[in-house]
Structure formats: structure tokens, C-alpha cells
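For reference, the structure is listed below as C-alpha cells.
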Amino acid sequence: MRLVALCLLFAILAGCNPSGQQSRLNEPAKASDANSPPTGSAGPVSPTIPSQAVPASGGASVEEIADQSFQVELESWGKVRFVSAKRVNADGRKELVLSLKDAEGHTLYTFPQPKLVESWNFESVKAVSFKDVDGDGKKDVIVLADYITGKGSGSSAAVTAPSIFIQKKDKNFVSDVEIDNRLNASGKISTVSDVVAFFKAKAKPEAAQTATDSDSNAALEKVNRNLCSRVVASNMSEDEIVRTYEDEYDKHELDRSERGQDEMYRYIGECFQQETDKLLANDSKLKTQTDAIHQTVNEAISELSSIDYIRNGGGTMWIHGGNRTIGLYGYRMNIYVKMKLAHPKSAAPKYDALTAELASNLAKLKEQGVKGLEELTDAQGVKEAQKGFDTEFPKLNTALQKFKELTSDKDEASLYLLEFLTKRVGASIDEQRSLR
């Protein structure tokens with residue numbers, strides 16, 4: 001009996017059970033979920049894990065892309081595992097998710113979603129590279145991936161988009177939308193070597209770059225001075241002025257990129273602003289009124305551009321369009337001043353009819369909100385877009401109400417500007433309709 005009791009006591013202390021299996025008290029602790037917060041600095045990196053689907057929040061699933069996930073040592077992080085993964089959202093839209101993980105699978109850092117591709121449908125990763133592209137001594141991340149710009153596979157041909165993540169001192173990576181846009185707009189980026197060459201071209205020796213920039217700027221300024229003198233002395237229409245500038249820019253091989261065209265329209269605006277200032281040199285009252293109207297119009301155009309950007313799922317074309325329209329208002333305000341100085345007739349009936357049309361267009365725009373955007377993005381994207389729209393629309397409405405107050409004289413000059421604004425708001429409605 002004593003022998004049996006001793007045996008039972010020994011079994012309890014040793015952790016054994018009648019079946020001879022190891023007690024659960026002595027089982028190794030299970031690894032935490034890969035999405036849990038980090039508990040310390042990264043240790044040795046585990047071998048590459050085979051691709052597997054993992055449930056994610058919001059009805060989405062995440063699938064690791066094994067052949068595009070790598071062990072890497074980054075200056076601000078030490079040894080970590082760079083993970084590429086495909087997330088399939090509830091509505092079927094796919095997006096690329098990039099992160100850094102430690103040896104236990106804890107997510108240490110999730111890379112920002114580049115603005116250029118945030119509404120596109122991810123297809124596959126073509127290449128990942130870790131190179132110091134900005135010359136600060138820290139490795140940056142280059143990702144080349146294929147996307148469908150419409151919703152769903154097969155809706156259009158896939159395009160390869162470069163995304164660059166610049167490593168900062170604060171253990172952070174920054175996605176620069178301007179760099180991504182310039183890379184994408186060049187149409188010459190298909191390999192990592194192309195990206196590196198792009199950054200090398202930007203990093204010319206300072207003296208040589210300064211000399212090149214100085215020569216280019218001098219040529220640009222000279223061309224624009226000549227153009228300004230030419231167009232203000234003519235009776236060219238708005239379209240004719242733009243064509244004249246475009247032809248001269250082509251002739252002198254000046255920058256005709258998206259950014260270069262924005263600058264061209266800015267020069268057009270500045271040219272006619274100078275002429276307007278000359279016309280109003282002795283009329284301070286009209287100058288004050290004109291400046292206030294010009295500023296209000298620019299605010300309205302900026303808000304419309306932001307709203308178009310939100311309602312159409314992003315894309316820099318809306319921002320470029322706004323920049324160019326603002327440039328054209330330098331010319332339009334010059335026409336307005338010339339009309340005012342010629343003592344325009346009252347146009348109250350037409351003005352009132354047009355303000356009613358503008359109010360109707362604004363009401364339709366507000367009612368539409370971001371309807372139709374679900375064709376381009378997921379439910380969360382639509383929700384965020386609606387929030388952005390609700391922020392921007394009151395600003396647009398305020399600017400247009402202020403414009404009406406500033407043009408309460410309701411003459412032909414005021415009618416001239418009102419026609420452009422009414423048409424511009426209507427164009428935003430038509431653009432949204434075309435999505436559905």
C-alpha cells in the first residue's frame with residue numbers, strides 16, 4: 001500500500017498521467033498570431049514560410065506571396081522578414097500588403113498603401129529590391145507590381161506600377177506619390193535597374209545639375225516672356241492662346257510632362273495677371289473687387305478638383321486639371337476687367353437664371369455624393385471617400401456663395417465668369433454619371 005502511494009505521488013510530481021503522455025502543462029507555448037503587436041526587437045529570422053491564406057478583418061483574407069518575401073537586414077530594424085501578401089477584400093478587390101515581421105511572425109511594421117495604386121486591383125509582384133536610392137546610407141524598398149486599373153481581372157490590360165518606399169530615421173518608410181507618379185508617367189520603368197537609373201539621373205553632381213537647371217530655367221523664362229508679349233498684343237481666344245504656347249514649347253523642346261504642362265498654364269495665368277494689374281493701376285476699388293473674385297474662383301476650382309479626385313477613386317489627372325483651370329483664370333479675369341472698364345450692361349435675368357442652374361447642379365452633386373465609386377473600390381474605400389466628400393463639399397458651396405455676393409451687380413462681366421463656374425460644376429456631375 002505504501003509502495004502504491006509513493007508511486008502515485010511520484011507520478012503527480014513528475015507530471016505523468018496514466019496513459020504515459022506528456023502533460024499539457026509542459027507543452028511548448030504556441031506562437032502568437034502574426035497580426036499581434038510586436039513584443040520586442042527582432043531576433044534571428046525564420047526560414048521562408050510557404051504561402052497560406054490567413055483570415056483578416058473586414059471579411060478579407062490575406063495570402064502570403066512566398067517567392068516575393070525575403071529575409072533582409074535594414075538599418076533601422078536589424079534582421080527582419082519582408083513579407084509580400086495579397087489581400088482579397090469582401091467585394092473581390094485585391095490589394096498588395098507589405099510588412100516587416102520578426103522571427104516569431106509578429107508584424108513589426110506595415111508599409112503605407114501608395115496613393116498611385118490605392119484604388120487599383122492588384123495582380124502580382126514582379127520584383128522587390130532593397131537599395132539606397134536617395135543616397136542617405138539606408139536601404140529603401142523598390143516594388144514593381146502588376147495592377148488592373150479597373151475593377152476585376154480581365155477588365156483591362158495589366159500595367160506595371162513602381163512603388164518606392166524611402167527609409168527614414170524614425171523606423172518609418174515614406175511613399176512619395178510624386179515620385180511614383182513621375183516614374184509611372186515616364187513609361188520607361190519595367191525593371192529595378194530602370195528605377196535605379198531614374199534616381200541616378202536625379203542625383204547629378206550638384207554643380208553640373210545647378211548649371212543645367214540654370215540654363216533650362218533661362219530658356220524657359222525667355223520663351224515665356226516672348227509668348228506673353230505676343231498673346232497679350234493679339235485678340236486670340238483662350239484655345240488659340242493654349243495652342244500657341246503648346247506649339248512654342250514643342251519647338252523649343254521644353255518640358256511637356258504633366259508637371260511641365262501645369263507650369264505652362266501657370267505662366268499663361270501670370271502673363272495675363274500682369275496685364276490686369278497694369279489695367280487696374282489707377283482703379284483701387286475695382287482691383288480690390290477683382291482680386292477677391294479671383295481668389296474665390298480659385299478656391300472653388302480647387303475644391304471641385306478635390307471632389308472629382310475623391311469621387312473618381314483618385315488619379316492625378318483631376319489635380320492637374322485643377323491646376324490648369326486655375327492658370328486659365330488669369331486670362332479670364334483679364335477679360336472680366338476689360339469688360340468692367342467698358343461699363344458692361346446689366347444682365348440680371350440671365351444671371352439669375354444661371355445662378356438657379358448652378359444651385360440645381362450643386363444640389364445634384366451633393367445628392368450623388370460618391371455613388372458609383374463602388375465600381376472602383378471596396379466598401380471601406382467608399383466610406384472614406386464619402387467622409388472626404390462631406391468635408392470638401394461645404395467648402396465648395398461657401399466659395400460659390402461668396403462669388404455670388406461679390407458679383408451682385410449682375411452685369412455682363414459677372415455673367416461671363418458665372419457661365420464658366422456653372423459649366424464646371426455640371427461637368428463634375430456628368431463625369432460621375434459616366435461611371436455608372
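The values are calculated or read from the model by the stated rules, or taken from the named source; none is laboratory data. Computed from a predicted structure; not experimentally measured. Positions of Cβ are backbone-derived with ideal geometry, glycine not excepted, and every protein chain shown enters the neighbour counts.
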Among the residues of segment 78-94, is any closer than 26 Å to residue 372 by Cα and aromatic (Phe, Trp, Tyr)? no
Mind counting the residues in segment 117-147 that are under 18 Å from residue 68 (Cβ atoms) and of a type in the set (D, E, K, R)? 6
So is residue 229 loosely packed, with under 12 Cβ neighbours inside 10 Å, more than 31 Å from the chain's Cα centre (by Cα), not assigned by TED's automatic domain parsing to the domain that holds residue 178 and not in a helix (DSSP H, G or I) or not? no
With respect to residue 322, determine if the residue is assigned by TED's automatic domain parsing to the domain that holds residue 278 and not in a helix (DSSP H, G or I). no
Sort through 363, 385 and tell me the only one that's over 21 Å from residue 295 (Cα atoms), of a type in the set (A, V, I, L, M) and surrounded by 19 or more Cβ atoms within 10 Å (Cβ to Cβ). 385
Matching entry among 299, 270, 303 (being closer than 30 Å to residue 368 by Cβ, under 35 Å from the mean Cα position of the chain (by Cα), assigned by TED's automatic domain parsing to the domain that holds residue 365 and surrounded by fewer than 20 Cβ atoms within 10 Å (Cβ to Cβ)): 299
In segment 165-179, what count of residues is obtained for those that are of a type in the set (Asp, Glu) and either at pLDDT 80 or above or outside any helix (DSSP H, G or I) (or both)? 2
Near pairs, Cβ below 8 angstrom, 6+ apart or cross-chain, from segment 177-200 (hydroxyl-bearing (Ser, Thr, Tyr)) to any residue that is assigned to a helix (DSSP H, G or I) and at pLDDT 75 or above: 186/198
Can you tell me how many residues within segment 103-115 are surrounded by 16 or more Cβ atoms within 10 Å (Cβ to Cβ) and touching a Phe, Trp or Tyr at 6+ places or on another chain (Cβ under 9 Å)? 4
For segment 241-252, enumerate the residues that are in contact with a helix residue (DSSP H, G or I) (Cβ under 9 Å, 6 or more places away or on another chain) and either loosely packed, with under 12 Cβ neighbours inside 10 Å or not in a helix (DSSP H, G or I) (or both). 251, 252
Near pairs, Cβ below 7 angstrom, 6+ apart or cross-chain, from segment 256-285 (assigned to a loop (DSSP other than H, G, I, E, B)) to any residue that is at pLDDT below 90 and of a type in the set (A, V, I, L, M, F, W, C): 257/185
Does any residue of segment 298-314 turn out to be without any contact (Cβ under 8 Å) to a residue 12 or more places away in the chain and in a helix (DSSP H, G or I)? yes
For residue 339, state whether it is within 27 Å of residue 269 (Cβ to Cβ) and modelled with pLDDT of 95 or more. yes
For segment 374-421, which positions are of a type in the set (S, T, N, Q) and free of Cβ contacts under 8 Å to residues at least 24 places away in the same chain? 386, 391, 398, 401, 408
